[in-house]
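**Q** What follows is a single structure, and I will ask about it in a moment.
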Amino acid sequence: MIRRLAALLLLALATAALTAADLPQTSLGSGGGVAAEEGTAAEVGIRILREGGNAADAAVAVAFVLAVTWPEAGNIGGGGFWISRDAGGSVLAIDFRETAPGGARRELFLAEAGRPAPSSTEGPLASGVPGSVAGLALAHRRAGRLPWKRVVEPAIALARDGFVVSANVSESIASERARLAKDPRTARIFLPGGEPPAPGSLLRQPVLAKTLEAIRDRGADGFYRGEIARALAEGQKKEGGLITRGDLGRYTARVRRPLRFRFLGAEIVTTPAPSSGPVLAEIALAVARVPDDVRPPGAESMHWLAEIEKRAFRDRNQLLGDPAFPGVAERAFTDPARIARLVASVDPAHATRTAALSEVFPEKPTTTHFSVVDRDGMVVAVTTTLNDSFGNARVAPGLGFLMNNEMDDFATRPGEKNLYGLIQGEVNSVAPGKRMTSSMCPTIAVLPGRGVFAWGSPGGSTIITTNLQVLLALTLRSQPLVAALAAPRFHQQDFPDALEVEKDAFDPAWIAALEKMGHAIKPSDRDPVSGRIGRVHAVAALPGGRSEAAADPRRHGAGLVVQPQTAP
Ligand code: GLY
């Protein structure tokens, strides 16, 4: 009898999984909305909005649920950036980036130069001190209105009772199967019976549920102090990592002054250093100076944008890092005189060679982004990451969550590229307590007469150019949100000297013209599933109290609103 009931329950849940897979990718309506990479998380966000939570409550709940249902990048063992704007126009920017442990030194990874799987990406040394729980607690304290327990509880239930694995989640786990199989603790959870969980099966994470319960009951202290901190530090010590209880106790998420700039009549806010909001701003401000006749879509506008990106990435690698440490020149990114010089240095007819060539590299987009809007018009954009897909692919002993490999975002070995092919400078060298530079830059745009838009993307270094291209589509090209997300993307990051383009997405005549100008064209293979660039999840608070939520059509995310608009 019990077995039959269990079978019926599983059948009901499997049906729910099919529904989850069928969730809309874009929705227009009212009452608020959520766009996220994983359907169950988006549905929980909608439930929180329906129950009277605001966008901040829903965003915190979605973030915790993603730590259960989207293990590739949702996390409590990683970090990220939050930006929100309430209906009155107040902006909150929170930096919950990981920090280097107190025992980390500049030389930590130097001896491994040339190694294909250095310890900045694999193993316990790869992890920075996690920031997510502190960041979400701070965001909730500053902007939420429901009780903390209420927004953490849905994640606990999904970890304890299990969630139904969608094709999306199964595919995500399968794409990293070999790495997940290396650590027996990780394999036990994510490769039950040695295989990725099948779509429709139930994935339970009881140990993670216990960890989340401590966070529910004691807030951030439940993670950074007491039993969890002790177990995390002991596990690190035993396995050769550096994170101590002291590091955890000292971790602080920071409220940052948001970076604001005007672009073609729109008011833009994004996250400042150590995120790459300054790079996004520099590129946009330079584009605003490009002659009008090269702005229409085509080879010429692609050439200008690629050349600007090349120069802005060089600035990123030399001037951007943790602002608490020397060498960071954040103001340079928005300095009008400097931007004028940057634009003047572009040759309108020829690609400028980067200083050195390096071979084209494979890269997996990681990280995840979700956005929320509520009925009052508050928008939240959160990008969060473990760095590589599934972080260092090691579950913390006895705690049930995956740890990040964010130390690789430092300039670990001068002159060598990191996971994203970035070759970074001294400004981003390893130092105790320092935050590593990030490409994340969740962004909000206030478009007069059109509404408030919030978006972001995973994709390592392509986050910056993906977010920028959405901004250009919304403003320069006046495209609706859904078209802005669907528009083909390209990317140039200085090293390697290649213009990456989404395969078969651009007019071959444009590509031929770009090659003639000297651009080395590389069809993108960024995403292990789609091969495309970026995965944007966006919302908008539209005039008349309407809400819009949109998932990137390149993958299988969900864009849901509280009350979908019905056809007249
Ligand atoms: N871990 C990718 C980034 O923050 O840039």
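Bear in mind that the values in this text are calculations on the coordinates, not laboratory data. Worth saying up front: this structure is predicted, and the values here are computed from it rather than measured. Cβ atoms come from the backbone with ideal geometry, glycine included; neighbour counts cover every protein chain shown.
**Q** Ranking 402, 158 by Cβ neighbours within 10 Å, fewest first, what do you get?
**A** Numbers: 402 31, 158 25.
In order of increasing Cβ crowding within 10 Å: 158, 402.
**Q** Taking Cα pairs under 8 Å and at least six residues apart, what relative contact order does the chain come out at, in percent?
**A** On the way: 1429 pairs, mean separation 143.0, N = 568.
Computed value for the chain: 25 percent relative contact order.
**Q** Between rounded, prolate and oblate, where does region 412-568 land on the alpha carbon gyration tensor, with a ≥ b ≥ c its root eigenvalues, rounded for a/c under 1.5, else prolate if a/b exceeds b/c?
**A** Details: a/c = 2.21, a/b = 1.41, b/c = 1.57.
Oblate, because a/c is 1.5 or more while a/b does not exceed b/c.
**Q** To continue, here is another question. How would you classify region 171-282 from its alpha-carbon gyration tensor, with a ≥ b ≥ c the square roots of the eigenvalues: rounded for a/c under 1.5, else prolate if a/b is greater than b/c, otherwise oblate? Walk me through the numbers on the way to the answer.
**A** On the way: a/c = 2.26, a/b = 1.42, b/c = 1.59.
Here region 171-282 falls in the oblate category.
**Q** On to the next question. Mind scanning 310/503; 237/310; 210/417; 210/238 and naming the pairs with a C-alpha gap bigger than 30 Å? All intermediate terms of the calculation are to be shown ahead of the outcome.
**A** Values: 310/503 20 Å; 237/310 41 Å; 210/417 38 Å; 210/238 22 Å.
Table pairs above 30 Å Cα-Cα are 237/310; 210/417.
**Q** Under a straight-distance cross-link criterion of Cα-Cα below 19 Å, which aspartates and glutamates are reachable from residue 434, leaving out those fewer than 8 residues away in the same chain?
**A** 95, 98, 107, 247, 322, 330, 406, 408, 409, 426
**Q** Sticking with this structure for a sec: Taking each full run of DSSP H in the chain as one helix, which ones are at least 24 Å long along their axis (Cα atoms) and have mean Kyte-Doolittle hydropathy of at least 1.6? Intermediate values should be presented prior to the final figure.
**A** Numbers: long enough: 2-21 (28 Å, 1.75); 299-319 (29 Å, -1.00).
TM-like helix candidates: 2-21.
**Q** Right, next: Among rounded, prolate and oblate, which fits region 366-445 when a ≥ b ≥ c are the square roots of the eigenvalues of its C-alpha gyration tensor, a/c under 1.5 means rounded, and a/b larger than b/c means prolate? Don't jump to the answer; show the numbers that get you there.
**A** On the way: a/c = 2.48, a/b = 1.41, b/c = 1.75.
The shape class here is oblate.
**Q** Can I get the semi-axes of the chain's equivalent ellipsoid? Compute them from the C-alpha gyration tensor as square roots of 5 times the eigenvalues, in angstrom, largest first. All intermediate terms of the calculation are to be shown ahead of the outcome.
**A** Working: eigenvalues 234, 158, 100 Å².
After scaling each eigenvalue by five and taking roots: 34, 28, 22 Å.
**Q** If you don't mind, another one. Using modelled amide H (1.01 Å from N, peptide plane; none on Pro or chain starts), what sits under 5 Å from the amide H of residue 401, excluding residues fewer than 5 places away?
**A** Hits under the 5 Å cutoff: 396.
**Q** Next question. Apply the Karplus curve 6.51 cos²θ - 1.76 cosθ + 1.60, θ = phi - 60°, to the phi angles in region 519-525 and return the couplings in whole Hz, x for Gly and Pro.
**A** Whole-Hz 3J(HN,Hα) from phi for region 519-525: 7, 8, 7, 10, x, 5, 10.
**Q** Please give the peptides 43-54, 277-288, 218-229, 332-343 ranked by average Cβ packing (other Cβ atoms within 10 Å per residue), highest first, as a rough proxy for protection.
**A** Details: 43-54: 21.7, 277-288: 26.2, 218-229: 19.6, 332-343: 16.1.
Going by the mean number of other Cβ atoms within 10 Å, highest first, we get 277-288, 43-54, 218-229, 332-343.
**Q** Relative contact order for region 395-541: what percent, with Cα pairs under 8 Å and sequence separation of 6 or more?
**A** On the way: 206 pairs, mean separation 28.9, N = 147.
It rounds to 20 percent for region 395-541.
**Q** Same structure again: Amide H of residue 522: which non-local residues (sequence gap of 5 or more, or other chain) have their own amide H closer than 5 Å, using H built in the peptide plane?
**A** Placed amide hydrogens put 499, 500, 501 under 5 Å from residue 522.
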